[in-house]
Amino acid sequence: MSHLLGIDLGTSSAKAVITTLHGEVLAAAGQEYPIHTPAPGYAEQNPADWWQAAVVAVRSALAAAGPVTIRAIGLAGQMHGGVLVDTAGRAVHPAIIWADQRTPAQVQQMIQHYGAAALVQRTGTLPATGFMGPTLLWLAQHRPDVLRDAHVFLLPKDYLRYRLTDSLGTEASDASATALFDVAQGTWADDLIEALALPRRLFPAVTTSGAVVGSLTRAAAADLGLPAGMPVVAGCADQAAQAVSNGLMQPGPGSVTLGTGGQVFVPLLHPHTSPDWHTFCHAEPERWYMLGAMLAAGLSLRWLRDTLGLKDAPDAYSTLARLAADVPPGADGLLFLPYLIGERSPLNDPLASGTFVGLALRHERGHLARAIMEGVALALRSIIEAMQARGAAVTQFLAAGNGLASPLWRQIVSDTVGLPLHLAAGREHTGRGAALLAGRGAGVIAAYPPAAAGQPLTMPDAARHDFYTGRYALFRETYTRLQPIMHRLNPGGGV
């Protein structure tokens, strides 16, 4: 029997997913790696850690699956960040990832130089800290030696592509998330790159997401425990991959995802741009999507886990959920703003900071956990309302990501946004999407298998929705009032 392999290079771990040609997940395995913060606001990773984690994940998944025949390999990964490599493929600087916050000045330089409206119209997005556009501009201004030594920059999953195939390049869904890409034309925005005085040689060739970009080398095959020569497909950004897995290719249904960050995903047949969200290329040609992104969704709960000394506890998240469930809505007067690393949609504020308001002696671990879950849900509501205000029509939302696998968190989100949520069927949606894209791109499957039907609805409770509507007004007012103080306290704010 034939099988497919998807490798998902996430923010915190690499996952390998083995599926049948019908999309059934046979086995999945993951391996974590750290985020390094050598200075305030920095977020870096070692690309060698990515590869070693991918090797461990693939070998573990193969062991769990038993005898399989892999016909094609696909990739998905964290968006926006990347690594510069030299002509030998060696990293000349640590990878700077999407969570990095060192570039607010460069974001403003790009906006002032080109104009906000023109940037959004051309690239589908305002630049944000952690995007490769501002990051390359920062390197040009602060580390020109790095750019001199570099041959090309690679987005995270494209570094894995290089290690698998010796092929350098990217594809449209990931390239469109750099703020240097023409989303309508599907090409690099050369005039913008030239206006910013960035070296054009650093920008890799762009293919479609389903293009076969090489075959597995002998060296990579030996590392992974696979036969050499199998086709490797370019793959796509992680949000596009989960959409492939969940059948979100046409307008109508969308998705709400809670992973490290939080995302609201709405498919499009034509680019629909706004400064309140990102418009990126989908995994299929002539398809786009709007993406509202918050930066610290599951990351906020992970921060609490680690701060409470539960990092090594295997049941840490279930413990926090159980404690939060014992706390009433509103967390006994505790409000949390989930801006631990700034915020994107719809605030576009890299200097925003995480905040507990109303903290009192009576509050315990469960209150902190409940307030974080509610704060994330309130931030998601602000994204959805911004989209709806500009004409986004979504008939239903799928709930995806590990955060929304929690019945409590899913109910809090449904109550807060006032919409029903289908729990996306199956598991490992991003890695599964990468595997299916590989199968189609390599010609192993003729079409994507239909997405499994969503699980029974999580329905919003009317009384709790009314309560959270009041809390939402307070949530927005709190940010407005505290924003000047947040900016003054932020190490990147100049005070």
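The values are calculated or read from the model by the stated rules, or taken from the named source; none is laboratory data. These figures come from a predicted structure and were not determined experimentally. Cβ: placed from backbone, ideal geometry, glycine included. Neighbour counts: every protein chain shown.
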Task: For Thr273: the one exception among (1) in a loop (DSSP other than H, G, I, E, B); (2) without any contact (Cβ under 8 Å) to a residue 60 or more places away in the chain - done: (2)
Task: strands (runs of 3 or more DSSP E) wholly inside the range 1-75 that include at least 3 residues being of a type in the set (Gly, Ala, Ser) - done: 13-20, 25-32
Task: Odd one out for Tyr468 among (1) surrounded by fewer than 21 Cβ atoms within 10 Å (Cβ to Cβ); (2) of a type in the set (Phe, Trp, Tyr); (3) modelled with pLDDT of 90 or more - done: (1)
Open item on the list: Any residue at all in the range 214-221 that's under 28 Å from Pro34 (Cα atoms), surrounded by fewer than 24 Cβ atoms within 10 Å (Cβ to Cβ), of a type in the set (Val, Ile, Thr) and without any contact (Cβ under 8 Å) to a residue 24 or more places away in the chain?
Closed with: no
Task: Positions within the range 70-106 being among the hydrophobic types (A, V, I, L, M, F, W, C) and modelled with pLDDT under 95, in sequence order - done: Met79, Ala88, Trp98, Ala99, Ala105
Task: Selection count, the range 315-370, where residues are of a type in the set (Lys, Arg) and either touching a helix residue (DSSP H, G or I) at 6+ places or on another chain (Cβ under 6 Å) or not in a loop (DSSP other than H, G, I, E, B) (or both) - done: 3
TODO: Tell me, yes or no, whether the range 445-462 has at least one residue that is out of contact with any Pro (no Cβ under 6 Å at 6 or more places or on another chain), assigned to a helix (DSSP H, G or I) and surrounded by 21 or more Cβ atoms within 10 Å (Cβ to Cβ).
DONE: no
Open item on the list: Would you confirm whether or not the range 282-298 contains a residue that is closer than 21 Å to Ala399 by Cβ, in contact with a Cys (Cβ under 7 Å, 6 or more places away or on another chain) and assigned to a loop (DSSP other than H, G, I, E, B)?
Closed with: yes
Open item on the list: Could you tell me how many of the residues in the range 299-323 are buried (at least 19 other Cβ atoms within 10 Å of the Cβ) and over 11 Å from Ala369 (Cα atoms)?
Closed with: 1
Open item on the list: Taking the conditions exactly as written (over 22 Å from the mean Cα position of the chain (by Cα), of a type in the set (A, V, I, L, M) and either under 30 Å from Gly358 (Cα atoms) or not in a helix (DSSP H, G or I) (or both)), does Val394 satisfy them or not?
Closed with: no
